[in-house]
1. Which condition does residue 368 not pass, out of (1) at pLDDT below 95; (2) in contact with a helix residue (DSSP H, G or I) (Cβ under 7 Å, 6 or more places away or on another chain); (3) within 20 Å of residue 267 (Cβ to Cβ), if it passes all the others?
2. Could you tell me which numbered condition residue 225 fails, if it satisfies all but one of (1) out of contact with any Gly (no Cβ under 9 Å at 6 or more places or on another chain); (2) farther than 30 Å from residue 361 by Cα; (3) among the aliphatic types (A, V, I, L, M); (4) assigned to a helix (DSSP H, G or I)?
3. Can you say whether residue 264 is under 30 Å from residue 175 (Cβ atoms), buried (at least 21 other Cβ atoms within 10 Å of the Cβ) and either among the hydrophobic types (A, V, I, L, M, F, W, C) or not assigned by TED's automatic domain parsing to the domain that holds residue 84 (or both), as far as the supplied structure shows?
4. When you look at residue 80, is it of a type in the set (Val, Ile, Thr), farther than 30 Å from residue 17 by Cβ, out of contact with any Cys (no Cβ under 9 Å at 6 or more places or on another chain) and in the same structural domain as residue 119 (by TED's automatic domain parsing), yes or no?
5. Residue check: is residue 348 within 12 Å of residue 407 (Cα to Cα), part of a helix (DSSP H, G or I) and among the hydroxyl-bearing types (Ser, Thr, Tyr)?
6. If you check residue 398 against the conditions, is it surrounded by fewer than 19 Cβ atoms within 10 Å (Cβ to Cβ) and in a helix (DSSP H, G or I)?
7. Give region 8-42 a look and list any residue that's aromatic (Phe, Trp, Tyr) and crowded, with 19+ Cβ neighbours inside 10 Å, or say none.
8. Please go through (1) touching a residue at least 60 places away in the same chain (Cβ under 8 Å); (2) part of a loop (DSSP other than H, G, I, E, B); (3) under 26 Å from residue 312 (Cβ atoms) for residue 130 and return the number of the only condition it doesn't satisfy.
Amino acid sequence: MTVPSWQFLAFVLAGAAAFNASAAGWWRQSVWLVLNLVFVWSFSHAVGPLLPLAGFLALGYFGAQAARRRRAGPVAIVLVLAAFVWLKRYSFIPQAALLPPGAMLIGLSYIFFRVMHLVIDAAQGDTEPIGVVGFLNFTLNFPAFVSGPIQRREDYEANSSLPLTAPDIGLAAWRIVLGGFKVLIVSDVLHTWQASLIAAQTPGLSFGWRVLIGALVVVMYPLFLYANFSGYTDFVIGAARLFRLRLPENFDRPFGAVNFIEFWSRWHISLSQWLRSYVFNPLLLGWMRRYRSARGKQYPAVAAFFITFFLVGAWHGQTSEFLFFGLLQGGGVAGNRAYQLGMARRLTAAGYGALGENPIYRAICRGLTFTWFTFTLLWFWARWGQIGALAGQLGVAGSVAALVGTVLAASLVLSVADLHGASTGRMLAVLRSRYTRTAFASAMFLALVIAALVLNLSSPEIVYKQF
């Protein structure tokens, strides 16, 4: 079942009507379980392809139970991690050792985060035992099944029985329509535009046109990815709210970030927060115990940042391109932290803080952050051959010109909201109005209907579905 789509929306509305037909806990848990299982079944319609996913869920459930025993926790963690790597068919595993292709593994990466969180917390004694129904409803949570957001059990349980008033339904409808518009209209236009720019890269172009088109090819992708993924997130947050569940936000104006560390606190927030909790913090605490001086304790954070965000990249895919993507993510965040430490020593903390408030400095930092992320995404959406062809088309001088031009343009465009904070605040206040949202939602819904019925646009794939 494609998310988002009209079919999925009908599934959500019918399911929400059944779910809210009774306030009894057993009824809602039962309806939720049926909906989750039906949704998973919709991707396969056969038992065989679902068996590997079922086996992973069984391993996760029994691993979470066993992890409560003193020495079983590390074993359960290793087994869950190994099973995930094996099922994801990472390229370093010999082909003969892998399952034959054909297994239904959509949602596996997000199930992995939920299962691993349960196992780790159980090993640390930080969570209560969970029953089979509760485990399945948490791990197979259908609004977040395809591509998250990633939610921890305590947050899921604290936000799974909320009131559902008329304003809540209105806000849910707003997020559903907004998300559908982003995915179906905005991301599709951006993706089509990028494809046309790629096709326009012909050998006979002048230097200026090569630079402009090459820069736009690269810049279009993060904009497309944001519209695609944040639109999906908006849609499923609205859908989940109809089931009295609040999913965590995954984006917070990421292109307004003034450094790469801040960027990853605004982009795919649930992923970076999960890795901070279960990778960054344990590494940092473990290493800091070995350093006695205050200055010496600063540097483990650089290494911990690198490892954590290298894993962010490596998690996304099984090929060498994604490993390099991970190196660039880890290097960007670690380099950002090393720069902060160096500048604070050189200028003092107060001096560096004052520099950080300078609007020109902030504008340049914002442009550099956007440009670095845009550059790293080359290894996210392209293969080595495509990257080499683009670099060959531009040449060294063209690549430098495209890079500098992107930094300058991004610095200017992305700083408009920062330089006009008061007017932006008033604009956002207007957009938060129920009447304004209703008008915008009505216009976007009309555009979606026209796109579906008149233009016959189909629902595009969510990029993060493949992970």
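The values are calculated or read from the model by the stated rules, or taken from the named source; none is laboratory data. Note that this is a predicted model, so its numbers are computed, not measured. Neighbour counts run over all protein chains shown; Cβ positions are idealised from the backbone, glycine included.
1. Looking at each condition in turn, residue 368 falls short on (1).
2. (2)
3. yes
4. Judged against the criteria, residue 80 is a match.
5. On the way: within 12 Å of residue 407 (Cα to Cα): no; part of a helix (DSSP H, G or I): yes; among the hydroxyl-bearing types (Ser, Thr, Tyr): yes.
Here the answer is no, as residue 348 does not meet what is asked.
6. On the way: surrounded by fewer than 19 Cβ atoms within 10 Å (Cβ to Cβ): no; in a helix (DSSP H, G or I): yes.
So residue 398 does not fit the description; no.
7. Filtering region 8-42 for residues aromatic (Phe, Trp, Tyr) gives 8, 11, 19, 26-27, 32, 39, 41.
8, 11, 19, 32, 39 - these are the residues of region 8-42 that are aromatic (Phe, Trp, Tyr) and crowded, with 19+ Cβ neighbours inside 10 Å.
8. Unmet condition: (3).
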